[in-house]
Amino acid sequence: MLSALAGMAFGLSLIVAIGAQNIFVLRQGLRREHVGLVAGICAVSDLVLISAGVGGLGTMIQSAPLVVEIARWAGAVVVLVYGGMAAYRAVKGQRVVMGRHSVTNRTVGAAVATTFALTWLNPHVYLDTVVLVGGLAATHGDDRWWFGLGACIASTAWFVALGYGARYLAPLLEKPGAWRVLDSVVAATMVIVAASLVLG
């Protein structure tokens, strides 16, 4: 139980940080578009990656620097592309109708593709789930899987809360100007993430 609680605390400390994936889940939650699907993909992806890390994949990845380098640059490109899209929305402006009768602008396929891209092409996800969680889980010996379970529970709870809790921010974002501010923050955050990847 203590290992599971430690895993939950460590998992939350990593996943709560603002990043491209969290921002996308937040945005989908605010627009109430495919929230369950997006949050589910993120949670299941973390479950797979955390399990791989606890199982020892993190050590293997660290011993293959070329793989890490390719993933780093590919991730920087992906994050920059989505940052550019957010910057375009911020400049252009948009009217977003939220709530039960909102107009869905993003198809299911587009939402799924974006979620997979921001999850599986993001080196930060591997660093957090596979390397860091996996490495710390190893220090718990035979209880490492309990540690991993705690991290998985934390991840699932976070994505569900972020996606479905975002709707309570909707009244603050009824005006296009508010979305311009949000998209500006998204663009800036993604540029910073991309720069951190490029700079190692």
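Of all the criteria given as (1) surrounded by 12 or more Cβ atoms within 10 Å (Cβ to Cβ); (2) among the small types (Gly, Ala, Ser); (3) modelled with pLDDT under 70, the one not satisfied by Ser63 is (1).
From the list Ala52, Ala43, Ala111, Ala39, the lone residue that is in contact with an Asp or Glu (Cβ under 8 Å, 6 or more places away or on another chain), buried (at least 17 other Cβ atoms within 10 Å of the Cβ) and modelled with pLDDT of 85 or more is Ala111.
Could you identify the single residue in Arg32, Arg106, Arg89 that is at pLDDT 80 or above and of a type in the set (D, E, K, R)? On inspection, the qualifying residue turns out to be Arg32.
In a residue-by-residue description of segment 106-118, the property of being closer than 15 Å to Gly19 by Cβ and free of Cβ contacts under 8 Å to residues at least 60 places away in the same chain applies to at least one position.
The values are calculated or read from the model by the stated rules, or taken from the named source; none is laboratory data. Quick caveat, the model's predicted, so the values are computed rather than measured. With ideal geometry, Cβ positions are generated from the backbone for all residues, glycine too; neighbour counts draw on all protein chains shown.
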